[in-house]
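Below: one structure, written as structure tokens.
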Amino acid sequence: MATGFGFTVQATDGKARTGVIETTRGAVRTPAFMPVGTAGTVKAMLPESVRATGADILLGNTYHLMLRPTAERIAALGGLHKFMNWDRPILTDSGGFQVMSLASLRKMTEEGVRFSSHIDGSKHMLTPERSMEIQKLLGSDIVMCFDECPALPATDAEVAKSMRMSMRWAQRSRDAFGDRPGHALFGIMQGGVTRALREESAEALTAIGFDGYAVGGLAVGEGQEAMFDVLNYAPGMLPEDKPRYLMGVGKPDDIVGAVERGIDMMDCVLPSRSGRTGQAWTRMGQINIKNARHQNDPRPLDEACTCPACRNYSRAYLHHVNKAGEIIASMLMTWHNLHYYQELMQGLRDAIAGGRLAAFVADFHAKRAQGDIEPL
Ligand SMILES: [Zn+2]
């Protein structure tokens, strides 16, 4: 396993864990939420502002960066950390998921996926070996195996066939990654919503051996209940002493439910993307700042929130700048959402450490059930 990378579980409460991932670029407190910096930026945020919300690690997208500005250009300019001015840990995905969701003219074979860029139609090939090469050029601290995530619903036979190819790709990723001190490689469990296939996938990955393990193939439209059904058993199939990462999750209540079930890391575009469309996430649930009820409201989004949007601006102002299409609307709403997500993670970590997760979760759901403050 990689030197310069480690994971320590410091406390557990039920299945939930809190601990720390050590990397050469700094520590990541878990459970961790990773904001998504798709194209070398968390949209509408300066890196120091992202850090100020409490984020220890960012996610970068291989698919976007390989097409524009290209991994080779980023490497020539000193790597992704320097290029985007973020000196803390970065995790990159393998590109596999986004090829399947964004690229056109895809052709998948055992070798990999051939596709056309959604930007300019240029032709590319992603294989486990090329994905490892790109993630190395980017200089990411945590590299993800190249895998295929089948769209659900799919038959058991389709999911099994896809999962077994992903396991062969996991071995090829491991071989191509080689020995890179200070850099970790994570395997990705597949198998859809079928327990026996999840078991088979976990056994195949564990036999290969990785620095961490992701639960892949969820948050692809199966719904929260089906996702939690899988999370009731899947994390327990993975090595206890390695971080477990749930990819692409999620809404605040998805995150809380995943942490309760033993997940250590998550990422999602939701807090930043919804910030740009006028949606705020608070302790009281979801708020649509575009709603006319906010236009004369001098109160902050959440009076208990210490982010700049809540400390210095009213709902009326946020409503106005959103309506007017001002860039500051995206900046403030994104800042608030990322701040809320990181505060939620800190609350979860403290609750697990203090052995009071059940009370924390009950309070989380009670506040959301109450809903937003009454209009003036
Ligand atoms: Zn706020």
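Some notes on this structure:
- Here region 84-194 is assigned +1 on the Cβ of each Lys and Arg and -1 on the Cβ of each Asp and Glu. Its dipole about the Cα centre then comes out at about 180 debye.
- Between the helical axis of 327-353 and the longest alpha-carbon principal axis of the chain there is an angle of about 70 degrees.
- Ellipticity at 222 nm from helices only: DSSP H runs of n ≥ 4 in the chain, each -39500 (n - 2.57), divided by the residue count, give -12500 deg cm²/dmol.
- Magnitude of the charge dipole, the chain, Cβ model with Lys/Arg +1 and Asp/Glu -1, debye to 20: 860 debye
- Among beta bridges that DSSP assigns inside the chain, antiparallel share in %, nearest 5: 50 percent
- Highest mean first, the peptides 256-262, 119-125, 312-318 sorted by other C-beta atoms within 10 Å per residue fall in the order 256-262, 312-318, 119-125.
- For region 6-267, the number of Lys pairs separated by eight or more positions or lying on different chains, with C-alpha atoms closer than 18 Å, is 5.
- Between helix 128-138 and the chain: long-axis angle, C-alpha atoms, 0 to 90°, nearest 10: 50 degrees
- The relative contact order of the chain comes to 17 percent, based on Cα pairs under 8 Å that sit 6 or more residues apart.
- The angle between the Cα long axis of helix 195-208 and the main principal axis of the chain comes to about 70°, on a 0 to 90 degree scale.
- Convex hull volume per residue in cubic angstrom - Cα atoms of region 1-82: 137 Å³
- Over region 12-165, the alpha carbon radius of gyration divided by the compact-protein estimate 2.2 N^0.38 Å works out to 1.13.
- Square roots of five times the Cα gyration tensor eigenvalues for the chain, Å: 33, 24, 20
- Each other residue within a Cβ distance under 12 Å of residue 236 adds +1 if Lys or Arg and -1 if Asp or Glu, for a net charge of +4.
- Considered as an equivalent ellipsoid built on the Cα gyration tensor, region 275-368 has semi-axes of 28, 13, 10 Å, the largest given first.
- Residue-by-residue Karplus 3J(HN,Hα) for region 183-192, coefficients 6.51, -1.76, 1.60, Hz, glycine and proline x: 10, 10, 10, 9, x, 10, 6, 10, x, x
- Sorted peptide list for 225-238, 79-92, criterion being average Cβ within 10 angstrom, highest first: 79-92, 225-238
- Dipole-positive endmost among 220, 119, 59 within the chain (Cβ charges, Cα centre): 119
Read-outs throughout are calculated quantities, based only on the coordinates presented, and are distinct from any laboratory measurement. All values derive from a computational prediction rather than experimental measurement. In this analysis, Cβ positions are derived from the backbone assuming ideal geometry, glycine residues included, and neighbour counts consider all displayed protein chains.
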